[in-house]
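Novice: Just passing along the structure, written as C-alpha cells.
The values are calculated or read from the model by the stated rules, or taken from the named source; none is laboratory data. Quick caveat, the model's predicted, so the values are computed rather than measured. All Cβ positions, even for glycine, are placed from backbone atoms using ideal geometry, and neighbour counts span all protein chains on display. The accessibility values were calculated without ligands, DNA or RNA, using every heavy atom of the protein model including side chains. Shrake-Rupley method; radii C 1.70, N 1.55, O 1.52, S 1.80 Å.
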Amino acid sequence: MPWLALLFVDKRKKILQKKFKINYIPAAYRTVNRMTETTTPDYVSLLSSTERDFLVRNNGDQVKIDSLKGKKFGLYFSASWCGPCRRFTPNLVKVYYKVASKGDFEVVFISADKDEESFNGYFSKMPWLAVPFSDSETRYQLDVLFRVSEVPYLMIIGENGNVLTDSGVEIIGEYGAEGYPFTVERIKELKDQEDAAKQGQSLRSILVSPSRDFVISPNGNKVPVSELEGKTVGLYFSDSSYKSCVEFTLELVEVYEKLKAKGESFEIVLIPLHDDKESFEQDFKNMPWFAFPDKSHQKLVRYCEISVLPALFVIGPDGKTLTKSGVLAVAKFGDLAYPFTPEKFKELLEIEKAKEEAQTLESILVLGDLNFVIGKDGAKVKIYSLEGKKIGLYFSASWLGVCGPCGQFTSTLVDIVYNEIATKGDFGVVFVSANYDEEEESLKGTSIRSLWERTFSFTSQLNGVTHAVPSCLSLARHIMTSMPKYEAFEEIFMSTLETERKRTVVAEDYIAQMTETTSHDYLSLLSSTERDFLVRNNGDQVKIDSLKGKKFGLYFSASWCRPCHRFTPSLLKVYYKVASKGDFEVVFVSADKDEKSFNGYFSKMPWLAVPFSDSETRYQLDVLFRVSEVPYLMIIGENGKVLTDSGVEIIGEYGAEGYPFTVERIKELKDQEEAAKQGQSLRSILVSPSHDFVISPDGNKVPVSELEGKTVGLYFSDSSYKSCVEFTPKLVEVYEKLKAKGESFEIVLIPLHDDKESFEQDFKNMPWFAFPSKDKSCANLVRYCEISALPTLFVIGPDGKTLTKSGVLAVANLGDLAYPFTPEKFKELLEIEKAKKEAQTLDSILVLGDLNFVIGKDGAKVPVSELVGKNILLYFSAHWLDLRRKFLPKLIKTYHDIKAKDSAFEVIFLSSDRDQPSFDEFFSTMPWLALPFSDERKKNLQKKFKSQGTHAAIAIGPSGQTVSKKFLQFIAYFGPDAYPFTEEKLKHLKEQLEAMAEQWPEKVKHKLHAEHELLLTRRDVYICDGCEETGYTWSYLCKNCDFDLHPNCALKNDEETE
C-alpha cells in the first residue's frame, strides 16, 4: 500500500470502541441526506413488503408495523456469527427491558445471518421484534439504505421518523439505559453532568454508586471507599489479554510494594476490563491491591478518558486528578514518581536534566558487570577503549528484512558512513539487536553481515521469551531511558497531555469536521514535527506536499484483518486504473500490531504510507476520522474536503467507475442503473462489452440471445456457504423436473466463489449455465439485483422484466409448482395454501408418506391415527435453551394434571437438539410422546410454525386446527386450567389475564428487593428473581436494577411481602 497507516495496539478495535471519548457523538457524514434530523423515512414502507405488513416475535407472533407509530425504535443489525454482536446483545437486552416498559420504545432486529437456523437460534434470545428472515429483500434494502458496513449496528429512529442517532451501539455501550431517549440533547446532558462531576470530583464521586460503596481487598473482603479517602490512589485499568498489561503489572507490583514498605499513603484499585470473571479472578489473586467489584467500569473508562491499556489514573489525597500518565511515570521513574504531583515531576525532570549534562559513554553503556561490547569473533571490547570516539548506537533487527527500512539503511550505513568515516579512527558503531533469538542474530543478510564484521554488538539471548530480563534487554532499556535524544520524559509527558487535549477537541468538533464544507489541513494531519514525508514500500520518502492538488484516500487497514485482505486487491485494481491520471493517490494508515506485519503487508502495495514508527500520527488520524473498524477508506478532495467516508463500499460496488468518488458521481451511476432497470432486458443484464455469452455445463460458450424469450433464473451462489450447499440439490431437482416437462426455463449460475477451482468443482455438478467465473460483471450483477443473502434466485420473465427476487423461498416452499414465478401463480398458490389451512387436520400436519407415527418413552411407535380427535400440544424445545430449564417442570405438572382428568390430551416433543444423545437425554425427562430426532417431518413443522431453535408450544384442537402458537404463557399462568384448547377457551384466557392484571396493584414493595418499589410492567418473557422460573406477559419490575418478580411471587401475602 502506498498510503498512511494507523497502529492499533493489541486488540485495538475492541478497546478503541470503548475508550474514545468521542464515540458517543453521532456520525455526521454517512450519506448525503440520510443522517440529518430533518430526514423522515417512511418506516412503514421500509419495514414492510408487498406481501407483509407485520414484524415477528421469536414465538411466531405477528405484530403490525403500524404499532410502531408514535414510538421511538431501534433498527438492530446483528448476526449470530459476530463476536461483538454476541457481546453487545446482552447489554441491549438489559436496556430494552428497562426502557421498553415505558411503552414508547421498541427494537427491530435485522439479521445478517446466513441461514434461518442460525437466525432462529439467535433471535430466540431476543425479546423484541424482527423483520422475518425469509424477507431477504427488505433486509437488504434496509442494509443498503443505512449503509451498514459492520455489525452490530443500531440506528435509533424518533417518534416522527427522524433519525436520532446511528451510534446506538456506542451510546448503549457507554451510557446504557441512562442514554434514553438517545437524542443528541440527552447525550449532551449526560456529558454536561460528567463535566460538572469533574468540577466537584472526589474519590467518593468516582468510586461510589447507589448500589456500591466499597472495593474488594486481595482476600475478598469488602473495604469501604471511605478508608481510601485522604490517600493517593491509582486507578489501574488493565486486561491480562493485553501483553503490555501483563508486563507492566509486574513492574507496578514492585513499585507498589516498595512504597508500602516505606509506609507511603498510597493505594491502587484495579479497574478490571476482562471479558469474564474467571480471567479477572486469575489475575487479581496475584495482585496486592484492591479491585473494583462490578461491571460499571465502563463509566470509569469514559470518565477517566482511558485510551490505551494499561493506564494508571492517579488521584490525590484531595480527590483531584494528579495525572492520567501514571504508567509512563512508573515505567520511567519507578517508585521515585510518588506522589505523582507536578512538583515531583518537575524535581525529577531537573535531576534528569542534570544527568543528561553529566552523561558519558560509560553512563549509558555500562550496567553493573556489563562493561563491554563484542566483536565479530566474540571477543570482548571494554567500553573504556571507546572513550573519546563518536559512537553510533544502531537499533535494528534482521526480521525487518533487507528490503525493509533496516535493510535500506544498513546498506547506507555500511557502504557510506562506515567506509568513509570509521576509517579515520574516531567513529564506531554499536549494534543493539531487537532480534528474538540467536538464530536471527546470525544476521544472514549480506549488508547486515558486512556491518557485523566491522562493528561491535551486544549479545542477545532473548529466545522469544520475556519471563526473565536478559542482559541485552537490560542494556537496551538502560540505553533507551538514558539517552535524552531517544526518549525525553518531559517531551513524552507533555505529548501525552497534548494528545488528551487534542482528542477532547476532536470529539467536540467532530460533527463539523466531517462535512463537505470542512477543509482539512492534511499536511499537518499526515506530518509530524520530525517528518514531512510519507514512505513507499521500497523505503523511498515522498514529500507530503506532493499530494497538493490531488484527491487521495486514507486507507486504514491491517494484515491480520480478513476483510482487508479481500478488499485490498480491489483497491489495487482501482489504484492502477485511476492513479495513472496523475491526480489520485492513496495513503496507508496501518492497524498492524508490529512492524514486521506492517512491512509484509505494505510490501504488496504500490502507494504511500505513514511510517509505522510514527504511531502518534496514526493514532491522531484514527481518532479524527473515528475509525472503529478496518478496512476503512476516507476520500479527500483536492481542496482538503472530505468527499466520502464510504470508500470501501463505493469501490466494492463500483470499482474504478466510481471515480472521482464524489456524491455527484455515485448519484450519476445510480441514475444510470435506474434507467437501465426501466428498459431492462435479459441482454441488458447479462451482456457486457467483454462478453455476450454464458457457459454451458460442457464448457461451451452459448450466446445470451439463445436464452431470450425464456424464463431465466439468475442463481447467486457460493459453496462456502452452507445454505448454498443445502439449497443447490433442491434447485437441481426442481430444474430437472421442469426440463422433463418441457418448460421454457433456464438457470444461469452467478458464481461468487473466491477462486476458479472452487467454482469449477461446484459447476461440474450443476445442469445449467454459468456466468464466466471471476468476471468483474458478477459484482455489478450483485449490486443491480440487490443481492443481500446467499443463495438468491433472481427470476426474469420471457419479456426480460423481473418476476421475483425471492425465487429461493418460492422453490423451497413450493418446489416446481412455483413455476413460472408470476404474481398470478403465487396468488393461485396462496389461495391453495389458505384452503389447506382451513382444511388442516392432525393427519395433514403429522403424516408424511410412511411417517405416520410418533414415539413413546420406550421407543414404541404410536400411530397418529390414535391421536386424532384429541387436544395436542406441540412442544418445541432443546436441552440447551435456558428457558426450558425453568418451564419444563411446570409443563410436566400441567400434563399430569390434565391427563388425570382427560385422556384425550397429549404432548408431542419436537427437538431442536444438535445430536441424538442430547435428544435422548432430554426426552428421558419427559412423560409424553415425541417425533424421532432425525425425522424429516420436524423441518416441515418448524417451518410451518416458525419455531426452529425456539422454545414454543403450539395448541392443536380436536379438529386438527391450530388454536394458538403462543400457548406457553397461558400454561405459565393457568396451568391445567388453560385446557381444553378451543377458540372460546383461548379468548376467555386472554380476557381473564387482562382482568387479573387490572386487579393487581400498580406498585408493590417486597422484601426481596426492599430498596426500590416494583412496578407492574408488561413483559414478553423473563426469569423471575424470586422463584427463578420463567415468567410471561406481566412482571413486577425494578427497571433501575433489572429485577423481576412474577406477580404470584410479588403478591404473596406472607412474611416476604411488605
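Novice: If I filter region 535-542 for residues that are part of a strand (DSSP E or B), surrounded by 16 or more Cβ atoms within 10 Å (Cβ to Cβ), in contact with an Asp or Glu (Cβ under 7 Å, 6 or more places away or on another chain) and in contact (Cβ under 8 Å) with a residue 24 or more places away in the chain, do I get at least one hit?
Specialist: For region 535-542, residues part of a strand (DSSP E or B), surrounded by 16 or more Cβ atoms within 10 Å (Cβ to Cβ), in contact with an Asp or Glu (Cβ under 7 Å, 6 or more places away or on another chain) and in contact (Cβ under 8 Å) with a residue 24 or more places away in the chain: absent.
Novice: Is it true that S720 is polar (S, T, N, Q), assigned to a loop (DSSP other than H, G, I, E, B), open to solvent by 20 Å² or more (accessible area, probe 1.4 Å) and at pLDDT below 90?
Specialist: Values: polar (S, T, N, Q): yes; assigned to a loop (DSSP other than H, G, I, E, B): yes; open to solvent by 20 Å² or more (accessible area, probe 1.4 Å): yes; at pLDDT below 90: yes.
Criteria met by S720.
Novice: Is one or more of the residues making up region 1050-1057 hydroxyl-bearing (S, T, Y), free of Cβ contacts under 8 Å to residues at least 60 places away in the same chain, open to solvent by 10 Å² or more (accessible area, probe 1.4 Å) and farther than 21 Å from D897 by Cα?
Specialist: Looking through region 1050-1057, at least one residue is hydroxyl-bearing (S, T, Y), free of Cβ contacts under 8 Å to residues at least 60 places away in the same chain, open to solvent by 10 Å² or more (accessible area, probe 1.4 Å) and farther than 21 Å from D897 by Cα.
Novice: Mind listing whichever residues of region 977-994 are more than 12 Å from W1034 (Cβ to Cβ) and open to solvent by 40 Å² or more (accessible area, probe 1.4 Å)?
Specialist: Our first condition is that a residue be more than 12 Å from W1034 (Cβ to Cβ); within region 977-994, this holds for 977-992.
Result: D977, P980, T982, E983, E984, K985, K987, H988, K990, E991, Q992.
Novice: Which one of the conditions (1) out of contact with any Phe, Trp or Tyr (no Cβ under 9 Å at 6 or more places or on another chain); (2) crowded, with 16+ Cβ neighbours inside 10 Å does L228 fail to meet, given that it meets all the rest?
Specialist: In the conditions (1) out of contact with any Phe, Trp or Tyr (no Cβ under 9 Å at 6 or more places or on another chain); (2) crowded, with 16+ Cβ neighbours inside 10 Å, L228 misses (1) alone.
Novice: So, in region 647-686, of the ones that are at pLDDT 85 or above and outside any helix (DSSP H, G or I), which residue ends up nearest to the chain's Cα centre (by Cα)?
Specialist: Filtering region 647-686 for residues that are at pLDDT 85 or above and outside any helix (DSSP H, G or I), the one nearest to the chain's Cα centre (by Cα) comes out as F661.
Novice: A further question follows. Please return the ranges of strands (runs of 3 or more DSSP E) entirely within region 86-178 where 3 or more residues are open to solvent by 10 Å² or more (accessible area, probe 1.4 Å) and among the β-branched types (V, I, T). Reasoning before the result, please.
Specialist: Values: elements: 105-111, 153-157, 163-165.
No strands (runs of 3 or more DSSP E) qualify here.
Novice: Now for a separate question. Quick one: which of Y338, Y384 is of a type in the set (F, W, Y) and either at pLDDT below 80 or out of contact with any Lys or Arg (no Cβ under 8 Å at 6 or more places or on another chain) (or both)?
Specialist: On the way: Y338 fails: either at pLDDT below 80 or out of contact with any Lys or Arg (no Cβ under 8 Å at 6 or more places or on another chain) (or both).
Result of the check over Y338, Y384: Y384.
Novice: May I ask you to list the residues in region 149-169 that are in contact with a Leu (Cβ under 9 Å, 6 or more places away or on another chain) and either free of Cβ contacts under 8 Å to residues at least 40 places away in the same chain or not polar (S, T, N, Q) (or both)? Spell out the reasoning first.
Specialist: Restricting attention to region 149-169, the residues satisfying the condition of being in contact with a Leu (Cβ under 9 Å, 6 or more places away or on another chain) are 152-158, 165-169.
Scanning region 149-169 gives P152, Y153, L154, M155, I156, I157, G158, D166, G168, V169.
Novice: Among the listed residues L68, L55, which satisfies the condition of being surrounded by 22 or more Cβ atoms within 10 Å (Cβ to Cβ) and either in contact with a Leu (Cβ under 6 Å, 6 or more places away or on another chain) or not hydroxyl-bearing (S, T, Y) (or both)? Break it down into steps so the answer makes sense when it comes.
Specialist: Working: L68 fails: surrounded by 22 or more Cβ atoms within 10 Å (Cβ to Cβ).
Among L68, L55, only L55 is surrounded by 22 or more Cβ atoms within 10 Å (Cβ to Cβ) and either in contact with a Leu (Cβ under 6 Å, 6 or more places away or on another chain) or not hydroxyl-bearing (S, T, Y) (or both).
Novice: For a quick check of your reading: which strands (runs of 3 or more DSSP E) sit entirely within region 986-1058 and have at least 3 residues that are at pLDDT below 85 and among the hydroxyl-bearing types (S, T, Y)? Break it down into steps so the answer makes sense when it comes.
Specialist: Numbers: elements: 1003-1006, 1009-1023, 1030-1038, 1043-1045.
Once the strands (runs of 3 or more DSSP E) in region 986-1058 are filtered for at least 3 residues that are at pLDDT below 85 and among the hydroxyl-bearing types (S, T, Y), what remains is 1030-1038.
Novice: Name the residues in region 538-575 that are of a type outside the set (K, R) and within 13 Å of V587 (Cβ to Cβ), would you?
Specialist: Within region 538-575, V542, I544, S546, L547, F552, G553, L554, Y555, F556, S557, L571, Y575 qualify.
Novice: Just the residues that are of a type outside the set (A, V, I, L, M) and either without any contact (Cβ under 8 Å) to a residue 60 or more places away in the chain or surrounded by fewer than 18 Cβ atoms within 10 Å (Cβ to Cβ) (or both), please, taken from region 898-911.
Specialist: K899, K901, D902, S903, E906, F909, S911
Novice: For region 940-948, state whether one or more residues are in contact with a His (Cβ under 8 Å, 6 or more places away or on another chain) and open to solvent by less than 20 Å² (accessible area, probe 1.4 Å). Spell out the reasoning first.
Specialist: We begin by selecting, within region 940-948, every residue in contact with a His (Cβ under 8 Å, 6 or more places away or on another chain); these are none.
No - not one qualifying residue is present in region 940-948.
Novice: Give the residue that is surrounded by the fewest Cβ atoms within 10 Å (Cβ to Cβ), with candidates limited to residues of region 1002-1041 that are within 17 Å of K98 (Cα to Cα) and among the polar types (S, T, N, Q).
Specialist: Filtering first and then ranking leaves N1040.
Results for (1) in contact with a strand residue (DSSP E or B) (Cβ under 7 Å, 6 or more places away or on another chain); (2) farther than 26 Å from G334 by Cα; (3) not polar (S, T, N, Q), shown as yes or no for each residue.
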position: R212; (1), (2), (3): no, yes, yes
position: I216; (1), (2), (3): yes, no, yes
position: N221; (1), (2), (3): no, yes, no
position: L250; (1), (2), (3): no, no, yes
position: P272; (1), (2), (3): yes, no, yes
position: K299; (1), (2), (3): no, yes, yes
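Novice: In region 727-824, which helices (runs of 4 or more DSSP H) lie fully inside it and hold 2 or more residues that are polar (S, T, N, Q) and open to solvent by 20 Å² or more (accessible area, probe 1.4 Å)?
Specialist: Because the criterion is at least 2 residues that are polar (S, T, N, Q) and open to solvent by 20 Å² or more (accessible area, probe 1.4 Å), the helices (runs of 4 or more DSSP H) in region 727-824 that meet it are 756-763.
Novice: Against the condition within 26 Å of A100 (Cα to Cα) and either in contact (Cβ under 8 Å) with a residue 40 or more places away in the chain or not polar (S, T, N, Q) (or both), how does G179 come out, does it pass?
Specialist: So G179 fits the description; yes.
Novice: F214 fails exactly one of the following numbered conditions: (1) more than 23 Å from V308 (Cα to Cα); (2) of a type outside the set (A, V, I, L, M); (3) within 34 Å of the chain's Cα centre (by Cα); (4) loosely packed, with under 13 Cβ neighbours inside 10 Å. What is the number of that condition?
Specialist: The one condition F214 does not meet is (4).
Novice: Select, from F981, F970, F974, F933, the only residue that is in a loop (DSSP other than H, G, I, E, B) and modelled with pLDDT under 85.
Specialist: F981
Novice: Let me ask something additional. Picking from E278, E347, which residue would you name as being farther than 30 Å from K191 by Cα, modelled with pLDDT of 85 or more and out of contact with any Lys or Arg (no Cβ under 8 Å at 6 or more places or on another chain)? Outline the logic, then answer.
Specialist: Values: E278 fails: modelled with pLDDT of 85 or more.
Within the list E278, E347, the selection yields E347.
Novice: Considering region 592-617 alone, what residues qualify as being within 22 Å of the chain's Cα centre (by Cα) and open to solvent by less than 50 Å² (accessible area, probe 1.4 Å)?
Specialist: Within region 592-617, D592 is the sole residue that qualifies.
Novice: Pull up region 838-882, narrow it to residues that are part of a helix (DSSP H, G or I) and touching a Lys or Arg at 6+ places or on another chain (Cβ under 9 Å), then point me to the one that is surrounded by the most Cβ atoms within 10 Å (Cβ to Cβ).
Specialist: L846
Novice: Tell me, which strands (runs of 3 or more DSSP E) wholly within region 201-284 include 1 or more residues that are in contact with a Gly (Cβ under 8 Å, 6 or more places away or on another chain)? Show your work before the answer.
Specialist: Numbers: elements: 214-216, 222-224, 232-238, 266-272.
Because the criterion is at least 1 residues that are in contact with a Gly (Cβ under 8 Å, 6 or more places away or on another chain), the strands (runs of 3 or more DSSP E) in region 201-284 that meet it are 232-238, 266-272.
Novice: Counting only residues that are modelled with pLDDT under 80 and farther than 17 Å from S205 by Cα, which one in region 282-297 is least open to solvent (accessible area, probe 1.4 Å)?
Specialist: D283
Novice: Looking at this structure, is L300 assigned to a strand (DSSP E or B), closer than 27 Å to K222 by Cβ and open to solvent by less than 40 Å² (accessible area, probe 1.4 Å)?
Specialist: Values: assigned to a strand (DSSP E or B): no; closer than 27 Å to K222 by Cβ: yes; open to solvent by less than 40 Å² (accessible area, probe 1.4 Å): yes.
No: the conditions fail for L300.
Novice: Sticking with this one: Regarding G960, is this residue touching a residue at least 40 places away in the same chain (Cβ under 8 Å), touching a Ser or Thr at 6+ places or on another chain (Cβ under 7 Å), more than 30 Å from P210 (Cα to Cα) and assigned to a loop (DSSP other than H, G, I, E, B)?
Specialist: So G960 passes the test.
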